[in-house]
Each structure stands twice: as structure tokens, then as C-alpha cells.
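The values are calculated or read from the model by the stated rules, or taken from the named source; none is laboratory data. Because the structure is predicted, anything quoted here is derived from the model rather than measured. Virtual Cβ from ideal backbone geometry, glycine too; neighbours counted across all protein chains shown.
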């Protein structure tokens, strides 16, 4: 196992980002090529000390203990902005004005730059990763992953950037508050390219703006659209986790199985 760190910049957003590239065991001693998973909120993937003061998925330790039970995949993680408002702006692919309840800490206006972010990821970052590392660069072996608003971004990515991503992990996606605009994407998109999809939600999740009921309803809408749009039932995994909250410690337990689900043949 090796984790490389790259300092890059999303020029269109004037945003410096840290990219980490996880290479599985034996990468340096073989000539094998690997599928790739691009992950939002990269600061939360490997170690607690990399996060913005919270917990992580602790994937580095999990891989050291149980890597032999995981698919052989390159992970490319992209750090999010520390400020929650800037993170939402980066991941949201839509622009919208909200009526924010007094008790909520959310922005009344979001100028979403999710398309700019995904354009950089799919055009600049992916091109560099494919040059520097032994990847399987085709869309059928390329996946995207995110949770919360990063999950919204991943839904948008697999539908609007289907020429790049054929697989996705979408955990606890904060999609409900964007549903008026997201539904247009869901209705108009082609789903025939999707090769493997993982969706989940907890029953006790609360976001900065989204309630537990809205998380559940949003996830169910996603599942309905995917399942009614000629996506074969045996390639979609949809889990509802009783009492699960909106936190990295929950996604930590779900991520390894999600990784196994979207890359079963590797």
C-alpha cells in the first residue's frame, strides 16, 4: 500500500486542493492495471488526523487489517473546503435561493459550482491520474463516491458525466432540498451506461438543512428513478440503516461493503 499526495488547483474556481492517491499492495512490484474510484471529501478517507477535527473512514487501517478481502482498486481522493458553505458551493451542481428556518445554519443563496468541479475532475485530474498511474481508464472501470452533498455531486456525476463514470457509491445523499432541479436531471438522463450502483441512507440523519424525513424521501426518490429507468435490479444495492446518523463513523462501517459491491470482479 502507498498513498501519494498531490497539491493541485482548480483553476476555474481559483481553489487549491489536496489530492491523495491510494495504491494497493503490490502496485509497485507488478505491471497490473487497476480500476479507479474518485472520492469527494478526501480529507475524511484515510486517517482521523487528516480531517477537519472529526473522525474519518479510517481506510488506511482497515486496508492494513482486511485489504485481502477488498477489490484491488486505486482510490483518488479530493479534499473539500474546510468551510461548510464553500463545500456545499463546490459540490452542488445547481444555483438556488432557500427559505432558511431561523434554527438552521444554512446559506440563503447557493451559487453551485459542481459542474466546474466535475469538469476539472474528469478533464484535468483524471487525465493526470491516467498518465501517472497504471489505471484502467475506460468509463466501465471508473467510479465516483460521495456522501451528503458529496453524494448529490456523485448522483449528478454518474448521470451527466456518464461518459466518464459507470459506477458510483452514494451514501446519505443530501438531495431532497435540491429535488426541484435534480428531478429534471433524473427525468432527462440516460441510465443505460450504469454498470454498478450503491445507495444508502440512515433513518436518523440530519444535515445543515435536511431533516431525517427528507433524507429518507430523497434516497427513496433516487432509488425509484434508478430502478425504473432500465437499471437492472441486480446491479443496484439500496440499504436503509436503522437509527444511523449523519456522520463519518457510520459511513466508515458501510464503505468497505460498498466498495466490494461496485467492483465485484476485481
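Condition check ((1) on the phi > 0 side of the Ramachandran plot; (2) in contact (Cβ under 8 Å) with a residue 12 or more places away in the chain; (3) not in a helix (DSSP H, G or I)) across all residues:
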| position | (1), (2), (3) |
| --- | --- |
| 100 | no, yes, yes |
| 103 | no, no, yes |
| 106 | no, yes, yes |
| 121 | no, yes, no |
| 126 | no, yes, no |
| 129 | no, yes, no |
| 145 | no, yes, yes |
Study note, to complete from the structure: Result of the Cβ filter at 9 Å on region 168-190, keeping first residues that are over 19 Å from residue 104 (Cα atoms) and partners that are modelled with pLDDT under 95 and part of a helix (DSSP H, G or I), at least 6 apart or interchain, is 183/225; 186/225; 186/226; 187/225; 189/225
Revision key, fill the gap. Only one of (1) surrounded by fewer than 21 Cβ atoms within 10 Å (Cβ to Cβ); (2) in contact with a strand residue (DSSP E or B) (Cβ under 8 Å, 6 or more places away or on another chain); (3) modelled with pLDDT of 95 or more does not apply to residue 112, and that is (1)
Check your understanding: Does any residue of region 33-56 turn out to be assigned to a strand (DSSP E or B), free of Cβ contacts under 8 Å to residues at least 60 places away in the same chain and under 28 Å from residue 174 (Cα atoms)?
Key -> no
Revision key, fill the gap. Residue set 164, 231; condition surrounded by fewer than 24 Cβ atoms within 10 Å (Cβ to Cβ), modelled with pLDDT under 95, in contact with a strand residue (DSSP E or B) (Cβ under 8 Å, 6 or more places away or on another chain) and not in a helix (DSSP H, G or I); output residue 231
Check your understanding: Has region 179-187 got any residue that is within 17 Å of residue 226 (Cβ to Cβ), buried (at least 17 other Cβ atoms within 10 Å of the Cβ) and either over 11 Å from the mean Cα position of the chain (by Cα) or modelled with pLDDT of 95 or more (or both)?
Key -> yes
Exercise for review: Could you tell me which numbered condition residue 78 fails, if it satisfies all but one of (1) in contact with a helix residue (DSSP H, G or I) (Cβ under 8 Å, 6 or more places away or on another chain); (2) within 18 Å of residue 151 (Cβ to Cβ); (3) surrounded by fewer than 18 Cβ atoms within 10 Å (Cβ to Cβ)?
Suggested key: (3)
**Study point:** Output for region 61-90, where each listed residue is touching a strand residue (DSSP E or B) at 6+ places or on another chain (Cβ under 7 Å) and over 13 Å from residue 43 (Cβ atoms)
**Key:** 72, 73, 74, 75, 76, 88, 89
